[in-house]
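Reading through the structure tokens given below for one structure.
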């Protein structure tokens, strides 16, 4: 797949926000020769410490709108686009992201642990026995009060 993708150009972002979890490093134009297709404006980004390639955005699209082109950032195709864009980025003197600070590493680890904890709690089947028993008690008390009031 990597030999079917050609990099047409890279526009390096000169002041990326390395202290954020999402930083745009560059925009690039990529040609996919077997399909005779050009993707203009693909983004090379650092996302949570990983460098990934994201598909181009539709001009004038609002947040939440679906893009004309989508791909999974972990797919083989996205990795091939990332490799081509990263090679061009480095060849043009693009600055690689610094290693995360201790504070950033702690934050990423805390987020990972929290996500694992949430996933572990949502994987357990729901136990409604306590809720059902409470509902029976509540309805039983209300029924007794209604009989007593109506006499």
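The values are calculated or read from the model by the stated rules, or taken from the named source; none is laboratory data. Not measured: the values here are computed from a predicted model. Quick reminder, even Gly has a Cβ in these numbers, built from the backbone with ideal geometry, and neighbours come from all protein chains shown.
Against the test of being in the same structural domain as residue 16 (by TED's automatic domain parsing), touching a residue at least 60 places away in the same chain (Cβ under 8 Å) and over 17 Å from the mean Cα position of the chain (by Cα), the options 92, 86 yield a single qualifying residue, 92. Taking (1) in contact with a helix residue (DSSP H, G or I) (Cβ under 6 Å, 6 or more places away or on another chain); (2) surrounded by 12 or more Cβ atoms within 10 Å (Cβ to Cβ) in turn, residue 27 satisfies each apart from (1).
Looking at residue 53, is it touching a residue at least 24 places away in the same chain (Cβ under 8 Å), more than 15 Å from residue 23 (Cα to Cα) and either within 16 Å of the chain's Cα centre (by Cα) or outside any loop (DSSP other than H, G, I, E, B) (or both)? Here the answer is no, as residue 53 does not meet what is asked.
Residues are listed down the side, and each one gets a yes or a no for (1) part of a strand (DSSP E or B); (2) crowded, with 18+ Cβ neighbours inside 10 Å; (3) at pLDDT below 85; (4) touching a helix residue (DSSP H, G or I) at 6+ places or on another chain (Cβ under 9 Å):
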| site | (1), (2), (3), (4) |
| --- | --- |
| 58 | no, no, yes, no |
| 64 | no, no, yes, no |
| 68 | no, no, yes, no |
| 72 | no, no, no, yes |
| 78 | no, no, no, no |
| 82 | no, yes, no, no |
| 89 | no, yes, no, no |
| 94 | no, yes, yes, yes |
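Within segment 19-38, residues that are touching a residue at least 60 places away in the same chain (Cβ under 8 Å) and in the same structural domain as residue 87 (by TED's automatic domain parsing) reach partners that are surrounded by 16 or more Cβ atoms within 10 Å (Cβ to Cβ) and part of a strand (DSSP E or B) with beta carbons closer than 6 Å, at six or more positions or on different chains, in the pairs 23/46; 25/44; 26/10; 26/12; 26/44; 28/10; 28/42.
What is the residue count in segment 1-18 for residues that are crowded, with 17+ Cβ neighbours inside 10 Å, in a loop (DSSP other than H, G, I, E, B) and either touching a residue at least 40 places away in the same chain (Cβ under 8 Å) or within 14 Å of the chain's Cα centre (by Cα) (or both)? Of the residues in that region, 1 qualify.
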